[in-house]
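Undergrad: To start, I am sharing the structure in question, which I have written as structure tokens.
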Amino acid sequence: MNYRLLADALLLLHFAFIAVVVFGGLFAVWRWRLAWLHLPALAWGIWIQFTGGICPLTPLENRLRRLGGEAGYSGSFIEHYLLALIYPDGLTPDGQLGLGLALIGFNALVYAWAWWRKRRHAQ
């Protein structure tokens, strides 16, 4: 079995999941019922952000990489792949809290817009 290929596929899935967490509310603007798919993902992303937890996909990816002969990595998916992009140097716990609140705020605005469009079309 090609564990490296599986690890890379899982990496792409993980990136896609993060994109859905951040931007999935925009699908609710298009189709309101898609909010029920996005809201659990958003709740998970917010919980991981506020608790500093590690998504279960990260250890699974590391295990697949080790089985494929590659070295795994320590820490979370965000720390390994996205830290420099998402979290600038010197990010404090207050800064991380601010990023989590920004995620909530952005999605609250998107859902308010989606709700407004839904109500407008219903009239």
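The values are calculated or read from the model by the stated rules, or taken from the named source; none is laboratory data. Predicted model, so just to flag it, every value in this text is computed and none were measured. All Cβ positions, even for glycine, are placed from backbone atoms using ideal geometry, and neighbour counts span all protein chains on display.
Undergrad: Condition first: of a type in the set (Phe, Trp, Tyr), modelled with pLDDT of 75 or more and surrounded by 13 or more Cβ atoms within 10 Å (Cβ to Cβ). Now tell me which residues in segment 83-119 satisfy that. If you could, list the steps in order and put the result at the bottom.
TA: Just the residues of segment 83-119 that are of a type in the set (Phe, Trp, Tyr), to begin with: 87, 106, 111, 113, 115-116.
Okay, now just the ones that are also modelled with pLDDT of 75 or more, so 106, 111, 113, 115-116.
Those that are of a type in the set (Phe, Trp, Tyr), modelled with pLDDT of 75 or more and surrounded by 13 or more Cβ atoms within 10 Å (Cβ to Cβ): PHE106, TYR111, TRP113, TRP115.
Undergrad: Any residue in segment 15-38 that is under 13 Å from the mean Cα position of the chain (by Cα), within 29 Å of HIS121 (Cβ to Cβ) and among the aromatic types (Phe, Trp, Tyr)?
TA: Yes, because at least one residue in segment 15-38 is under 13 Å from the mean Cα position of the chain (by Cα), within 29 Å of HIS121 (Cβ to Cβ) and among the aromatic types (Phe, Trp, Tyr).
Undergrad: Across segment 1-53, what is the number of residues that are farther than 23 Å from ALA71 by Cα and of a type in the set (Asp, Glu)?
TA: 0
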